[in-house]
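Below is one structure, written out as structure tokens, with a few remarks after it.
The values are calculated or read from the model by the stated rules, or taken from the named source; none is laboratory data. What you are looking at is a predicted structure, and each value in this text was computed from that prediction instead of being measured. Backbone-built Cβ (ideal geometry, glycine too); neighbour counts: all protein chains shown.
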Amino acid sequence: MTAINPAKLKIQCVELSELYSDPEQFIQQLHELFDFYAVRVRKNRVTGTILLLQSYQVSPPVMRALELELIDLLNTQPSRGLILIDALWEQKWVETRDLAVSLLGSIPPINPDSILKRIKSWISSCESDVIRSTLTTRGVSRLSKENPELVLNFLHELTSSPTKGNCQAVLFGLVPFASDHDFDNLPRLFKLLDNILLVEEKGLVKEILVLLKALIKRSEQESLYFLERQLSTASKPRIFRVIRQILPSFSDQNQAVLKKALKRQNA
């Protein structure tokens, strides 16, 4: 990987931004930039296996510098931004899709439906857990701040078609809300999690645990009550695995309550 020279990187990003209104030329030079900063061993950064999408494995500072250079253009020319975003997504590379999602999450939500329509379509065609995560987090970051209810309604719509990909995307998307101490409608989050736990076993234990840990930090008692109810209603045996693994996140007293509830269910 080429060492990053901040001044040189700034010039490269400025030159790219000048092609904002010409997606074809932008993408051509973008690949040259990524190739310049590429790690030559192109592997999945999550599992180490070869991706269906190729990856340059460029470092985060390169991606951040490029995104920062495009922010002003997104704000002043959002319609052209959407054209560029669509072109970036069509490229079958981790970095181009990652950039497309980040730009979509930063674009002014003048027409929120156009943003959510893309998110929904891309989730259905997405092969990467990493990008599926960014779709319902960074991909809706600005919209979540300006209209959180709209994003929550969108996540609820995804649970009405509970494929594994949709359920995973919803779980990813709920974590920022659960972690935001300014967001106080926790019952809404528990309801969406309930929708996912009710459906037939689809795994996703790791994603469920991440969300539950965030919810427990916000309200341990509400989380305890929620999980006690889930023992009667949620798909089994997944709920048993989830509760056993989440036990250490609770106080000793509440761990005892959940252990008793588990024992009753298994009696």
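Miscellaneous remarks
- The single condition from (1) surrounded by fewer than 17 Cβ atoms within 10 Å (Cβ to Cβ); (2) at pLDDT 95 or above that residue 155 fails is (1).
- Qualifying residue in the stretch 163-175 (condition: on the phi > 0 side of the Ramachandran plot, surrounded by fewer than 21 Cβ atoms within 10 Å (Cβ to Cβ) and within 16 Å of the chain's Cα centre (by Cα)): no
- All positions within the stretch 9-27 that are part of a helix (DSSP H, G or I), among the aliphatic types (A, V, I, L, M) and surrounded by 16 or more Cβ atoms within 10 Å (Cβ to Cβ): 9, 16, 27
- For residue 206: the one exception among (1) among the charged types (D, E, K, R); (2) over 25 Å from residue 257 (Cβ atoms); (3) within 18 Å of the chain's Cα centre (by Cα); (4) loosely packed, with under 15 Cβ neighbours inside 10 Å: (2)
- Restricting the stretch 49-78 to residues that are small (Gly, Ala, Ser) and farther than 21 Å from residue 135 by Cβ, the residue that is surrounded by the most Cβ atoms within 10 Å (Cβ to Cβ): 65
- Hey, residue 263 surrounded by fewer than 16 Cβ atoms within 10 Å (Cβ to Cβ) and in a helix (DSSP H, G or I) or not: yes
- Residue 217, sole failed condition from (1) in a helix (DSSP H, G or I); (2) crowded, with 16+ Cβ neighbours inside 10 Å: (2)
Residue-by-condition table, conditions (1) within 22 Å of residue 211 (Cβ to Cβ); (2) aliphatic (A, V, I, L, M); (3) within 14 Å of the chain's Cα centre (by Cα):
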| residue | (1), (2), (3) |
| --- | --- |
| 76 | no, no, no |
| 95 | no, no, no |
| 107 | no, yes, no |
| 120 | yes, no, yes |
| 127 | no, no, yes |
| 136 | yes, no, yes |
| 143 | yes, yes, yes |
| 147 | yes, no, no |
| 150 | yes, yes, no |
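- Pairs are defined by a Cβ separation below 7 Å, a sequence spacing of at least 6 or placement on different chains, a first member in the stretch 175-198 that is closer than 13 Å to residue 148 by Cβ, and a second member that is β-branched (Val, Ile, Thr) and not in a helix (DSSP H, G or I); the pairs so defined are 176/137.
- Of all positions in the stretch 132-140, none carries a residue that is touching a residue at least 40 places away in the same chain (Cβ under 8 Å), surrounded by fewer than 21 Cβ atoms within 10 Å (Cβ to Cβ) and under 30 Å from residue 200 (Cβ atoms).
- Applying the criterion of being aliphatic (A, V, I, L, M) and farther than 20 Å from residue 89 by Cβ to the residues of the stretch 39-67, the residue that is modelled with the highest pLDDT is 65.
- When the stretch 220-260 is limited to residues that are in a helix (DSSP H, G or I) and of a type in the set (Gly, Ala, Ser), the one that is surrounded by the fewest Cβ atoms within 10 Å (Cβ to Cβ) turns out to be 232.
- Residue within the stretch 246-267 that is touching a Ser or Thr at 6+ places or on another chain (Cβ under 9 Å) and in contact (Cβ under 8 Å) with a residue 40 or more places away in the chain present: no
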